[in-house]
Amino acid sequence: MTIASPIETWATILTVAATAVAGDVLTAGAMRRIGDLDHIRAHSGLAGAVKAVTTSPMFLLGVLAMATSFFALLFTLSNVDVSLAAPASASLTFLGNAFAAKLFLKENVDRRRWLAALFVCAGVFLLSK
Amino acid sequence: MKHTLTPQRYLILLAVMLTASVGDTLLSHGMAQVGPVSLAHLGLLLAAMKNPWVVAGILCLLGFFASYLTALSWADLTFVLPSTAFGYVVVALLSKFWLHETVSPYRWAGILLIVCGVGFVANGPSLTPHPAPADDAT
């Protein structure tokens, strides 16, 4: 079904992955700032938890990036085989997120987590074969 | 300090795994019915919102988002993400044992790699200890 050129194919896949990484890191950063949702829900109920999340500008920015990624994925899926587009963008997102989580979220991405990111990245790609 | 998870939190991670892969499968099925979308006809993306499979996929992904955010509020991104990949394994196993599809050796290798990857992080701490957020928190 692939009707796009290789450059178009990889440009759309990269766009999906880059916006997905931005969305993941922004929402994860927002959730870290907001704190444990279980605690918030225990104190101020579900409405309080929803309010805490939806009033965070960082979270809203993350959702914007995720929405962009979603529409980029819909666009990509209609032009590129799903067996390439889905695993390729997912694999790239896993690797990109490991880098971005270390860089921006200062997460302790130790050897175990790097290995996990690499194994999952390769595994997701192999699933499409 | 080692962060471990309660059974209830493992249930949230299970919801993250299942809703993501089921939602993606529904979306992919729906978009196959909608047909190719070109840059010149982006309006077709809005028309896709009328396809029941796409709508069901979006609903599933909303459920995914709620559980994903909950997980991110008590665990690291690099801890939660590999578990989302475990959903692909579930789908592959379902297609093998329920739909009786053939799972190629490549797929089995992929399943093995993902299971190992998830095992690596599941054994470790779920959260990087950070000093309490200071004045930069808004």
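What follows is calculated from the coordinates using simple rules that are stated; it is not laboratory data. Being a predicted model, the structure only gives us computed values, none of them experimental. Virtual Cβ from ideal backbone geometry, glycine too; neighbours counted across all protein chains shown.
For the protein assembly as shown, the extents of the C-alpha atoms along the principal axes are 51, 40, 34 Å, listed from largest to smallest. Straight-line reach from residue A:129: taking Cα to Cα under 17 Å and skipping same-chain neighbours fewer than 8 places apart, the aspartates and glutamates in range are A:81, B:101. Here the Karplus relation 6.51 cos²θ - 1.76 cosθ + 1.60, evaluated at θ = phi - 60°, turns the backbone of the range A:73-89 into coupling constants of 5, 4, 4, 5, 5, 7, 10, 10, 3, 4, 5, 9, 4, 5, x, 5, 5 Hz, with x for every Gly and Pro.
Take every Cα pair under 8 Å in chain A that's 6+ residues apart, average their separations, divide by the length, and report that relative contact order as a whole percent.
On the way: 130 pairs, mean separation 45.4, N = 129.
Relative contact order comes out at 35 percent.
Summing +1 for each Lys or Arg and -1 for each Asp or Glu among the other residues whose beta-carbon sits under 9 angstrom from that of residue B:74 gives -1.
Taking 8 Å as the Cα distance limit and 6 or more residues as the minimum spacing, I'd like the relative contact order of chain B as a percentage. Once divided by the residue count of chain B, the mean separation gives 33 percent. Taking B:100, B:29, B:41 as the candidate residues, the one with maximal mean-square fluctuation in a Gaussian network model of chain B, Cα springs under 10 Å, is B:41. The mean count of C-beta atoms from other chains within 10 Å of the C-beta of residues in B:108-119, rounded to a whole number, is 6.
Using +1 on the beta carbon of Lys and Arg, -1 on that of Asp and Glu, and nothing else charged, what's the dipole of chain A about the Cα centre, debye to 20? If you can, show how the numbers build up before the last one.
On the way: 10 positive and 7 negative charges, 81 e Å.
The calculation lands at about 380 debye.
Of the residues B:126, B:38, B:73, which exhibits the maximal mean-square fluctuation in a Gaussian network model of chain B defined by a 10 Å Cα contact cut-off? Looking only at B:126, B:38, B:73, the biggest GNM fluctuation is shown by B:38. In order along the range A:7-22, the Karplus-derived 3J(HN,Hα) couplings, from 6.51 cos²θ - 1.76 cosθ + 1.60 at θ = phi - 60°, round to 5, 4, 4, 6, 5, 5, 5, 5, 4, 4, 5, 5, 5, 5, 4, 4 Hz, and Gly and Pro are given as x. The Cα atoms of chain A cover 52, 33, 23 Å along the three principal axes, with the biggest extent listed first. The phi torsions of the range B:111-125, fed into the Karplus equation with coefficients 6.51, -1.76 and 1.60 and a -60° offset, translate into couplings of 4, 4, 4, 5, 4, 4, x, 5, x, 4, 7, 4, 6, x, x Hz, rounded to whole numbers, with Gly and Pro shown as x.
With contacts defined as alpha carbon pairs under 8 Å and 6 or more residues apart, what's the relative contact order of the range A:81-129 in percent?
Details: 30 pairs, mean separation 27.1, N = 49.
Relative contact order comes out at 55 percent.
When the alpha-carbon atoms of chain B are used, the pair Rg, Dmax equals 18.4, 56 angstrom. When +1 charges are put on Lys and Arg Cβ atoms and -1 charges on Asp and Glu Cβ atoms, the dipole computed for the range A:52-115 relative to its Cα centre reaches about 300 debye.
Across peptide A:67-74, the mean count of Cβ atoms from other chains lying within 10 Å of each residue's own Cβ comes to 3. The C-alpha radius of gyration of the range B:55-126, expressed as a fraction of 2.2 N^0.38 Å, stands at 1.27.
Among A:88, A:11, A:42, the largest mean-square fluctuation in a Gaussian network model of chain A (Cα springs under 10 Å) belongs to A:42. Dipole of the protein assembly as shown (Lys/Arg Cβ +1, Asp/Glu Cβ -1, origin at the Cα centre): which of A:12, B:7, A:30 lies farthest to the positive side? Going by the charge dipole, the pick is B:7.
So, with +1 on the Cβ of K and R and -1 on the Cβ of D and E, and no other charges, what is the size of the charge dipole of the protein assembly as shown about its Cα centre, to the nearest 20 debye? Write out the running numbers ahead of the final one.
Working: 15 positive and 12 negative charges, 74 e Å.
Result for the protein assembly as shown is approximately 360 debye, rounded to the nearest 20.
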